[in-house]
Structure formats: structure tokens, C-alpha cells
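Contents: one structure, followed by commentary.
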Amino acid sequence: MLLAGDIGGTKSRLAIFADGSSPREPLAEGVLPSARFAGVEPLIREFLAGTDLMPERVCLAVAGPVIAGRAALPNLPWIADAGLLREAFGFWEVTLLNDLAATARAVPLLKRAELCPLAAGEPAATGTIALIAPGTGLGEAFLTWDGGRYREHPSEGGHADFAPGTPLEAELLAELGAAGDHVSYEAVCSGPGLGRLYRFLRRQGAGGEPPGLAARLAEAADPAPVIVAAALAGESPLCVSTVRLFAAILGAEAGNLALKTLAAGGVYLGGGIVPRIIPVLEEGGFLAAFRRKGRMADLLSRMPVYAIVDPRAALIGAADRGLAAA
């Protein structure tokens, strides 16, 4: 049997599969809050304790770069080490791969109902596919055709320099950069980034903060869901402006990734935030920023864009990778 997992900064999804089965048909599955654990090993121990199954092989998608079977997770104080996990549990084989590479591997397997089209475009058969996913961080990856199947490739492009596309975004960069920190796309296009955008726009006078909203934000460990919910409910113009700015920045960086990979096969949006903000992504600001690439605007207009609405995509990709190796 195979233990597959998607180890995220906020939550981790684990499942056990029989060899030869579909990556959509686990024998057991569970979701655990990552912050409750001191590392990958206790997380796996608790999950396995709730089943009567003991897998021999493991394939884990982890949020961070994987080098020589080891990964330091940027949004958790954890080190994932394939060798140490083999020793701790007696697994025959442990494979670690980047979580966005795992999600990318799942893209060709996704069904129509698991995708929301944002731009129809004109996909090129066997063309490169790009993936960008805002969540606890900002992940990026891409797929290339090798003549027989798509192969996934990880990237840490979310940590590249944030480039403002409007005067307002230039003010945002100046304010965040004044602290002397590196301002990456992840800093402004992620769950924590949503909070930074909200506080920036509040200081800019983009709208008032209703007392009830202020109280919920003060109580929330993560302000992003509160901001998104208030925006979609029309409760706060400030929250609406925040999510629209977030969508525009996401569109600009999705367009950057599409150009760098020549994603003629399409661009896919993943992560935990995207399914919640689809109404805002469909308004037009996202696609306008995506296509605002000067002489390359026409090229971008021909690329299809989809939002992934299945939260299990990374798990499906990890399971597919592990089952293929059986």
C-alpha cells in the first residue's frame, strides 16, 4: 500500500491507497491541522493510528523546495527528510516532491467539474501548462510534454521580486520595502498577503472598517477568510477593494509565469484561496492584469485560464506519482 500526502502550511491531507488503484480511490483519508504538530513524523503517526492499515511506501507533496530527498518547509518550522521517515516507520520507500509539482501532475487528470474556466482561449495540443497557487504561500510550477505524457517541474517563482503594475501597487511596494525586507509576489499574493493588502488600503483611506468586522479580524488567527467573506457579502468596500487588488496582482504574476514558460497549453490557478474568490476573478480585473503584457498581450489572450476547485489536487498528484512507481 501507498501513503500519499499533501503537507501544507495550514492543513495536511493524507490518504492510503492500494497498489494498482486509482489516485481518486483511497482506502482511508484524513485532513489534519498542520500547526498542531511538531513535524511530519507525528502528523503521520496520528493519521496511521486512526486506521488499521500500514503502508510500505510513501509519497508526500511538501510546500517547499525538495533537494536530495530533504525539504525545509518555508511556512512551517519543519524539516521533511525521506531518509529519517524511512528509519522512523520502516517504510520501504519514501518520496518527497514539491506540492505544486504534485498539483501540476494532477492537472491532466482533473475532470471538467473540478475546473472553473476563466478564459476559453485556444489551447495548443501538448503545449506547456503553467500553474500558480496562492495559499499560505504562493506556489508555482509547470508541465512540459515529453512525447508521451506531461512531466511536472517545480519552481520557487513565487519568491521572485514583486513588480508593481499600477501607481497604487507602486505605493504598496514602497511601503512594504521601507522596512528593508525583500518584497516578493508571495508577500502580497498569499493568505498573509491578503492581510497586508487590507492594512495598506485601510491606511490609504480606501474605506472604513465596520466595528463588527474589526472585531472578527482581531479575533481571527488568519484574517484572509474574514476579508474574503466580507468582500463577497458586500459588507465592506474596503474588503472588496482588497480582494480586487489581490486578484489583479495574481493576474499579473500568472501572466508573468505564462510568458516565462510559454504556456500555450493553458494556465491553471490552484491553492486554497482561488475557489473562494472566483466571483471576483470573473469580474475582469484579473484577466486585464494577466493580459497587460505589451506586445505579448495577444499571445496571452489566446491562452486558456482555469481555476482548480478540487482541494484534493495535490493529493491526487502525489498519489499518482507514488502509484506509478509501484
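A short reminder: the numbers here are calculations on the coordinates, not readings from a lab. Note that the coordinates shown come from a computational prediction; the quantities given were computed from them, not determined experimentally. Please note: Cβ atoms are built from the backbone with ideal geometry, for glycine as well, and neighbour counts cover all protein chains shown.
Here's how it looks for residue 283: its modeled amide H is under 5 Å from none belonging to a residue 5 or more places away or on a different chain. Over the chain, all Cα pairs binned in 10 Å intervals from 0 give whole-percent P(r) values of 6, 26, 32, 24, 10, 1, listed from short to long. Each part gets one Cα centre, and for the stretch 147-175 versus the stretch 29-54 those centres are 33 Å apart. Springs between alpha-carbon pairs under 10 angstrom, Gaussian network model over the chain: which of 97, 168, 60 fluctuates most? Its mean-square fluctuation being the largest, the pick is 168. Charge tally around residue 91: other residues with Cβ under 15 Å, Lys/Arg +1 each, Asp/Glu -1 each, net -3. Once the Cα-Cα distance is subtracted from the 0.36 nm per residue extended length, the residue 36 to residue 171 segment shows a gain of 44.9 nm. Taking the DSSP beta bridges with both ends in the chain, the antiparallel portion is around 65 percent. Each part reduced to its alpha carbon centroid, the stretch 261-326 and the stretch 203-234 end up 27 Å apart.
Would you compute, from DSSP H runs of 4+ residues alone, the mean residue ellipticity of the chain at 222 nm, taking -39500 (n - 2.57) per run and dividing by the full residue count, rounded to the nearest 500?
-11000 deg cm²/dmol, from helical runs alone.
Largest GNM mean-square fluctuation across 150, 185, 268, computed for the chain with C-alpha springs under 10 Å, falls on 150. Computed on the stretch 1-157, with alpha-carbon pairs under 8 angstrom and 6+ residues apart, the relative contact order is 19 percent. Bridgeable aspartates and glutamates around residue 260 (alpha carbons under 12 Å apart, same-chain partners fewer than 8 residues away excluded): 140.
Its relative contact order, with pairs defined as Cα atoms under 8 Å and 6+ residues apart, puts the stretch 111-309 at 31 percent. If you take every residue apart from residue 9 with its C-beta less than 12 Å away from the C-beta of residue 9, what net charge results, scoring Lys and Arg +1 and Asp and Glu -1? Once positives and negatives cancel, what remains is -3. Scanning residues 5 or more positions from residue 28 or on other chains, those with amide H under 5 Å from its amide H are 16, with H placed 1.01 Å from N in the peptide plane. Other residues lying with their Cβ under 11 Å from the Cβ of residue 204 contribute a combined charge of +1, Lys and Arg counting +1, Asp and Glu -1.
Measuring r between the beta carbons of residue 218 and residue 282 and using R0 = 35 Å, the FRET efficiency lands at 0.65.
Please give the peptides 244-254, 101-111 ranked by average Cβ packing (other Cβ atoms within 10 Å per residue), highest first, as a rough proxy for protection.
Top of the packing list down: 244-254, 101-111.
Between 99, 161, 146, the residue with the greatest mean-square fluctuation in the GNM of the chain (Cα pairs under 10 Å linked by springs) is 146.
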